[in-house]
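See below for the structure under consideration.
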Amino acid sequence: MSQQPLTTSVQPTETYGGDEVSALVLDPGYCSTRAGYAGEEMPRQVIPSFYGHIDGRDIFGDEVIVPRAGFEVRNYMNRDSVVEDWDAATKIWEHLLLKRLQPERPTPPNKNGLNIGDDGDVAMGDGDNNDENMVDNLEKPLAESPLLMTEAPWNSAKAREKAIEISMETWGCPAFWLSRTPVVASFAAGKATALVVDVGGANASVTAVHDGMVLKRSIQKSPIAGLWLSNQIRTMWEQNEPKVDLVPTFMVENKKPVEAGAPADARLRTFPFPIADSFRAFEEERLLTEFKESVVEVWRGPGRYMAPGNEDYARSQPGRVFEMPDGSNQMWREQRYKVSEGMWDETAAYASAGADEEGRVSKGQTILSLIKASLEGVDIDLRSNLIANIVVTGSTTLLNGFNDRLNMELAAMYPGLKIKVHAAGLTSERRFGAWIGGSILSSLGTFHQMWISKKEYDENGPGIVEKRCK
């Protein structure tokens, strides 16, 4: 029997900081990291998980990623959305939670210069005590804020323990909870049981969630997501006639309008220092993202794109014009369908030159194969319920036609079963699905008994997170 919520008279206020203090929600990912307050509809702050490294120091935020001498762009996560560089992760999370979310702390009275008498003495009580208090306050910056953090469903036990250690020991959080992304994404859709299809920036995953718990054997992931699609676009541009040059916006000083298909007429900027490859790759990704958002589409049918006659039919459909930063532009017709087709049909993917891993798609990596493998990993009695509650989340699912294609393919794969795909209509809800679910969860009154309190952590150590956050 599930545990009954505590009555208001015995709510453990010290455990979670009380109702009046809003919990913080942190949702780290490979492309961006989201942070905000529980109970709100959207994250207050979203910054790239990529950060700048210059002269031995790290700088964070979109606005600091500009060309300069000796400037590198790094990421604290690996392509599996698991933290790789814990020092950088701690710094970037602190930057978000302390500098960007929290109001600036007032300067202590003995330091603000307003209380100095004529003789230069500070007109205050015992200075040493004040200094000690101030150090205490500085040492524990989140002493009043419970923190809910999200993680990939395949995150390691070691990484989970490290996350609670930073929260409790470095930041002094009074309470902490670690939630797996598919669970909170299904909560954001109002479901406790769902099959969560998450296609984000670095990877696609399909996970079955039953009564708010991840079914471990159902977890499937593949690299067929946003960055893979960017590589497909690069290959398409290289194989295009005429070849499309990828010139990021920061390189263009000025340009003149040209006819479609004509070579660009632009003057490029020159820099008195070499531009790091990592910075150029980051800027190229911005351009590829713009192309994905405005041009790329998923083939809705009839049949698959590679079926005879479909390519000619796509060629006859209205196309989309895309202008590159250097002014060159072109009409994209059938190519905009072909570039995304590898997500569904491995035979349609472009083979990137020299990129074995990302260029070639195996049959088991397509979205449909992930769904099939995920359902086969769970009890047969649960399958019909899961397929009737499919939650689609992640920014790559915002491609035009994605949901229509998913519905069509699933109807063909599972005839006779009731299939219901739930995908939030708002762009922001699909992009920040996991954060929104975490915000809902941590603001529930009944969730207050779930938090891992500081006292529990002190008694059991970091291992408590493995026992409690299943």
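Let me check against my output: what whole-number percent is the relative contact order of the chain, with C-alpha pairs under 8 Å and at least 6 apart?
Numbers: 853 pairs, mean separation 97.8, N = 470.
Rounded, it is 21 percent for the chain.
Please work out the average accessible area per residue across the range 256-398, using the 1.4 Å probe convention, and give it in Å².
Working: 7010 Å² over 143 residues.
That works out to 49 Å² per residue.
Any idea how far the Cα center of the range 435-458 sits from the one of the range 374-390, in Å?
Here the two parts' Cα centres lie 28 Å apart.
Given K191/K216; K158/K372; K221/K420; K221/K470, which pairs have Cα atoms separated by over 26 Å? Kindly include the intermediate steps, with their values, before the conclusion.
Values: K191/K216 18 Å; K158/K372 30 Å; K221/K420 22 Å; K221/K470 19 Å.
In this structure, K158/K372 exceed 26 Å between Cα atoms.
Using just the helices of the chain, give the 222 nm mean residue ellipticity in deg cm²/dmol: DSSP H runs with n ≥ 4 each add -39,500 (n - 2.57), and the total is spread over all residues, rounded to 500. Let's see the in-between values first.
Working: 17 runs with 150 residues, N = 470.
Rounded to the nearest 500, the figure is -9000 deg cm²/dmol.
Looking only at the chain, where both bridge partners belong to it, what percent of the DSSP beta bridges are antiparallel (to the nearest 5)? All intermediate terms of the calculation are to be shown ahead of the outcome.
Numbers: 39 of 55 bridges.
Restricted to the chain, the bridges split so that about 70 percent are antiparallel.
Could you compute the net charge surrounding R405? Neighbours are other residues with a C-beta less than 11 Å from the C-beta of R405; K and R count +1, D and E count -1. Walk me through the numbers on the way to the answer.
On the way: positive: R300, R304; negative: E297, E341, D345, D404, E409.
Value of the local net charge: -3.
Could you give the nm distance between label points at F273 and Q45, where each point is 7 Å from its Cα heading toward the beta carbon?
It is 2.6 nm.
Through the Karplus equation 6.51 cos²θ - 1.76 cosθ + 1.60, θ set to phi - 60°, convert the phi angles of the range 422-438 into ³J(HN,Hα) values in whole Hz; use x for Gly and Pro.
9, 10, 4, x, 6, 3, 5, 5, 6, 6, 10, x, 5, 5, 4, x, x
Under 1.5 on a/c is rounded, so check that first for the range 324-443, then, if it is not, pick prolate when a/b is larger than b/c and oblate when it is not; a ≥ b ≥ c are the square roots of the alpha carbon gyration tensor eigenvalues.
Numbers: a/c = 1.95, a/b = 1.34, b/c = 1.46.
It is oblate, given that a/c is not under 1.5 and a/b is not larger than b/c.
Mind sorting out which of (1) 30; (2) 35; (3) 43 is the real percent of Cα pairs over 40 Å apart computed from the coordinates?
Derived directly from the coordinates: (1).
Take the alpha-carbon centre of the range 278-312, take the same for the range 43-94, and report the distance between them in whole Å.
Distance between centres, Cα-based: 28 Å.
Measuring from label point to label point, each 7 Å out along Cα→Cβ, what is the R360 to R315 span in nm?
It is 3.0 nm.
So how much slack lies between A388 and E144, counting 0.36 nm per residue of separation and subtracting their Cα-Cα distance, in nm? Present the calculation step by step, with values, prior to reporting the outcome.
Values: separation 244, 0.36 × 244 = 87.84 nm, distance 4.12 nm.
Difference between extended and current length: 83.7 nm.
Contour minus end-to-end for D87 and E169, with contour as 0.36 nm per residue of separation and end-to-end as the Cα-Cα distance?
Between D87 and E169, full extension yields an extra 28.1 nm.
Could you list which residues have their amide H under 5 Å from that of V391, counting only those 5 or more apart in sequence or on another chain, with H placed in the peptide plane?
For V391, the qualifying residues are L195, V196, V197, H422.
May I ask you to derive the FRET efficiency for M331 and E459 from their Cβ-Cβ distance with R0 = 51 Å, giving the value to the nearest 0.05?
Working: r = 66 Å, r/R0 = 1.29.
Efficiency, rounded to the nearest 0.05: 0.20.
Would you mind classifying the range 143-211 by shape? Square roots of the alpha carbon gyration tensor eigenvalues, ordered a ≥ b ≥ c; an a/c under 1.5 is rounded, otherwise it is prolate if a/b is larger than b/c and oblate if not. It would help to have the intermediate numbers written out before the result.
Working: a/c = 2.64, a/b = 1.76, b/c = 1.50.
Note, shape of the range 143-211 comes out prolate.
What is the sum of charges, Lys and Arg at +1 and Asp and Glu at -1, for the other residues whose Cβ falls under 9 Å from the Cβ of M168? Don't skip to the end; give the middle numbers.
Numbers: positive: K454; negative: E165, E169, D458.
Taking every other residue near M168 into account, the sum is -2.
Please list 3J(HN,Hα) in residue order for the range 213-218, calculated via the Karplus relation 6.51 cos²θ - 1.76 cosθ + 1.60 where θ = phi - 60°; whole Hz, with x for glycine and proline.
Karplus values, whole Hz, x for Gly and Pro: 10, 6, 8, 4, 6, 8.
Rounded to the nearest 0.05, what FRET efficiency do K99 and E293 give with R0 = 25 Å and r taken as the Cβ-Cβ distance? Could you check?
Working: r = 29 Å, r/R0 = 1.18.
Here the calculated transfer efficiency is 0.25.
Taking 0.36 nm per residue of separation and subtracting the Cα-Cα distance, what length does fully extending V66 through K467 add? Mind dumping the intermediate values first?
Details: separation 401, 0.36 × 401 = 144.36 nm, distance 4.39 nm.
Gain on extension, V66 to K467, equals 140.0 nm.
Return the sequence-ordered ³J(HN,Hα) values of the range 440-453 in whole Hz as given by the Karplus equation 6.51 cos²θ - 1.76 cosθ + 1.60 applied to θ = phi - 60°, using x for Gly and Pro.
5, 4, 6, 9, 6, x, 6, 7, 4, 7, 8, 3, 8, 7
The values are calculated or read from the model by the stated rules, or taken from the named source; none is laboratory data. Remember, predicted model here, so these are calculated numbers, not experimental data. Note that we place each Cβ from the backbone using ideal geometry, even for glycine, and neighbour counts take in every protein chain shown. The protein model used for the area step is the full one, side chains on, heavy atoms only, and it has no ligands, DNA or RNA in it. Shrake-Rupley method; radii C 1.70, N 1.55, O 1.52, S 1.80 Å.
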